[in-house]
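Report on one structure; see the data block that follows.
The values are calculated or read from the model by the stated rules, or taken from the named source; none is laboratory data. Just so it is clear, the model here is predicted, and its values are computed rather than measured. Quick reminder, even Gly has a Cβ in these numbers, built from the backbone with ideal geometry, and neighbours come from all protein chains shown.
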Amino acid sequence: MMIRDLRKLRVLRWLLSGLLLLAAGGWSDSVIVSADAPPNELKQPNAQSQKRLAVIIDDLGNQMKGTDEILAMPVKLTVAVMPFLPSSEQDARNAHERGHDVLIHLPLEPKQGKPQWLGPGAILSSMKDEEVRKKVEEAIDNVPFAVGINNHMGSKITGDKRIMSVILDVCRERGLFFVDSKTNYWSVAGDLASEKGLPELHNDIFLDDVHTERHIAGQFHKIEELLEQRGKCVTIGHVGVKGDKTAKVLKEMIPEFQLKGITFVGISEFARDQRKDFDFAPGSGINLP
Ligand SMILES: [Zn+2]
């Protein structure tokens, strides 16, 4: 009873400061001003000048090639685990124990592509709101230690305001954030997340959309340029058929990037940048009153 009340208080505080922030003009990467931030942070919102990179690795959960190599990386990564698959729970547990952030890699209907690529528990545009809600809740319950959700495929659904609204409502109720993988240029996820008081997080660049080591290394150079410009970057790679290539290049790039002063962070750190008042931490989530 006590814990539940404390959680309610925490959520209320979160929502209240979100409203204050919205009233102050909303939040963005450049305007990080929390209602209860210490004075020096208010003066210097961009004091943290270091370059921070969040690497998300998608498609875990089905004993995919490259999984062990990814989990063994010597820096903090974020892994996105598909629900309801043979190694979903174990992969999430292993990742959490090694200190990586865990996301639920939620299968969302694409505009094109084979239905069997979606995997179990997929959300389709034909579903009613209640069915979408149930699917999202079941997926969250299936992947332990998750701090957020990102989309597997989803070029159709991320452009669907009705369905994204249900998904983001469940995220908010369960204390999770949503990371838009950006498989659809016209995605509504970011704007809707901001409207609902959630952090706005999205993929900046895919690492391995072409599965050659040369291409992946080239993407890392683009990431370096993005980090020079903005100080932070989110990139998505994959385990799977050619997952060993992504893992190999990533492993080579880690010491090189660290020498250049780039820090590898979990995606939850970028969520906290936008919501300093809320600690997105692994757990069973938070139920709104
Ligand atoms: Zn995926």
**OP:** Determine the pairs where a residue that is within 13 Å of residue 52 (Cβ to Cβ) and in contact (Cβ under 8 Å) with a residue 12 or more places away in the chain, located within the range 221-242, has a partner that is in a helix (DSSP H, G or I) and within 16 Å of the ligand (Cβ to nearest atom) with Cβ atoms under 8 Å apart, the partner being 6 or more residues away or on another chain.
**Re:** 234/267
**OP:** Among what's in the range 255-270 and is within 14 Å of the chain's Cα centre (by Cα) and closer than 16 Å to residue 230 by Cβ, pick the residue that is surrounded by the most Cβ atoms within 10 Å (Cβ to Cβ).
**Re:** 267
**OP:** Identify the residue in the range 49-69 that is within 13 Å of the ligand (Cβ to nearest atom) and assigned to a strand (DSSP E or B) and, among all such residues, is surrounded by the fewest Cβ atoms within 10 Å (Cβ to Cβ).
**Re:** 59
Original post:
When the range 31-82 is examined, which residues are found to be within 16 Å of residue 233 (Cα to Cα), modelled with pLDDT of 95 or more and not β-branched (Val, Ile, Thr)?
Top reply: 51, 52, 53, 54, 76, 77
Original post:
Going by the conditions given, is residue 138 assigned to a helix (DSSP H, G or I) and in contact with a Gly (Cβ under 8 Å, 6 or more places away or on another chain)?
Top reply: yes
**OP:** Determine the pairs where a residue that is in contact (Cβ under 8 Å) with a residue 60 or more places away in the chain and over 21 Å from residue 78 (Cα atoms), located within the range 165-183, has a partner that is assigned to a loop (DSSP other than H, G, I, E, B) and among the aliphatic types (A, V, I, L, M) with Cβ atoms under 7 Å apart, the partner being 6 or more residues away or on another chain.
**Re:** 173/288
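Residue by residue, here is whether (1) within 23 Å of residue 235 (Cβ to Cβ); (2) at pLDDT 95 or above; (3) touching a Phe, Trp or Tyr at 6+ places or on another chain (Cβ under 7 Å) holds:
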site: 137; (1), (2), (3): no, yes, no
site: 142; (1), (2), (3): no, yes, yes
site: 147; (1), (2), (3): yes, yes, yes
site: 157; (1), (2), (3): yes, yes, no
site: 160; (1), (2), (3): no, yes, no
site: 163; (1), (2), (3): no, yes, no
site: 166; (1), (2), (3): no, yes, no
site: 173; (1), (2), (3): no, no, no
site: 178; (1), (2), (3): yes, yes, no
